[in-house]
Amino acid sequence: MQINQENLEILFAGFKAAFNEGLGEIENTRDRIATTIRSETSEEHYGWLKGLPNVREWLGDRVVNSFALGDYAIKNRDFELTVSVPANAIRDDKYGVMAPKMRVMGESVSAHREQLVWDLFAAGFTGSCYDGKPFFATDHPVLDKDGTPQPVANTDGGSGAAWFLIDTSRALKPIILQTRQDYDFVALTDKNDQQVFWKNEYVYGVHGRENAGFGFWQVAWGSKQELNETSYGDARAAMMKMTTDYGRKLGLKPRLLVVGPDMEHRALELIKADKVTGGGSNVYRDSVELVVVPWLA
């Protein structure tokens, strides 16, 4: 291929198309637990998560509940991936060899987003959420009907492999995937660019701005106890009894059981088997959807 502006533009279009195809190659599991929110600045504040009030009978004047910004913020981060293509590979018409490289770039972006969400979720036993407590904690402060703070748990501790119950029916999921700038495919192909001049290479890359943070802790239960009928049943009951400030019932119901690959067999026994150990009927069969997440390995 002769290297000129017209051919470089055609090549760029082909590489960008290959990149976009790669974006869809990785299975999207992150959307099961993450709400994507568009960001309009360098960071977004989510302190309002702690103050969602209850509906009240309208007697007299309205009661105005203010949504303070608070201290909990998610700062956008810059991410990039850059590759080079030798000029001679273009001259020798090696598009068939180079295009898969661009497709892999797209796969890498999708895989990065999966890791961003699932790594944060797995770190919820230590990472702080909007109330200053670890996302999975035994002492989230929640006001009772009299306005007195009471400790509320969304974990029962343990020291084994983690498993999770999640209610995915709500507008805001356990994780917030905050997107400021979609990944943009760009290139350095001008003959006067230093990389082209000094190294006889053309450079292609992507750049995006995003980050992940914790959403509502109430819609997720994290456990490191042995996954069995007792621990699973206790977790389900605890989630369904969950309230927010002033005793407002949330009406939650677990929809997903999320495990890593090492727990797949045990989870299948619990959710899909007709009988439990000992021969009795499995009362929890198909009570939730099982999602096995490789990123939790």
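The values are calculated or read from the model by the stated rules, or taken from the named source; none is laboratory data. Predicted, not measured: the structure shown is a model, and the values here were computed from it. Every residue, glycine among them, receives a Cβ derived from its backbone with ideal geometry; neighbour counts consider all protein chains shown.
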How about region 142-170: which of its residues are in a strand (DSSP E or B) and not aromatic (Phe, Trp, Tyr)?
VAL142, LEU143, PRO149, GLN150, PRO151, VAL152, THR155, ASP156, GLY157, GLY158, LEU165, ILE166
Does SER110 fit the bill of being crowded, with 16+ Cβ neighbours inside 10 Å and farther than 28 Å from GLY233 by Cβ?
yes
If you go through region 204-221 one residue at a time, do you hit one that is surrounded by fewer than 18 Cβ atoms within 10 Å (Cβ to Cβ), among the aromatic types (Phe, Trp, Tyr), modelled with pLDDT under 95 and within 24 Å of PHE136 (Cβ to Cβ)?
no
Selected residue (only one of GLY205, GLY132, GLY233 is outside any strand (DSSP E or B), farther than 30 Å from GLY280 by Cα and either in contact with a strand residue (DSSP E or B) (Cβ under 8 Å, 6 or more places away or on another chain) or of a type outside the set (A, V, I, L, M) (or both)):
GLY132
Could you tell me whether any residue of region 236-254 is in contact with a Phe, Trp or Tyr (Cβ under 6 Å, 6 or more places away or on another chain) and buried (at least 18 other Cβ atoms within 10 Å of the Cβ)?
yes
When the residues of region 1-26 are narrowed to those that are assigned to a loop (DSSP other than H, G, I, E, B), touching a residue at least 24 places away in the same chain (Cβ under 8 Å) and of a type outside the set (Gly, Ala, Ser), which ends up surrounded by the most Cβ atoms within 10 Å (Cβ to Cβ)?
ILE26
Could you check, for region 30-39, whether at least one of its residues is farther than 23 Å from VAL258 by Cα, of a type in the set (A, V, I, L, M) and surrounded by 12 or more Cβ atoms within 10 Å (Cβ to Cβ)?
no
Report yes if some residue within region 55-67 is touching a helix residue (DSSP H, G or I) at 6+ places or on another chain (Cβ under 6 Å), outside any strand (DSSP E or B) and modelled with pLDDT under 95; otherwise report no.
yes
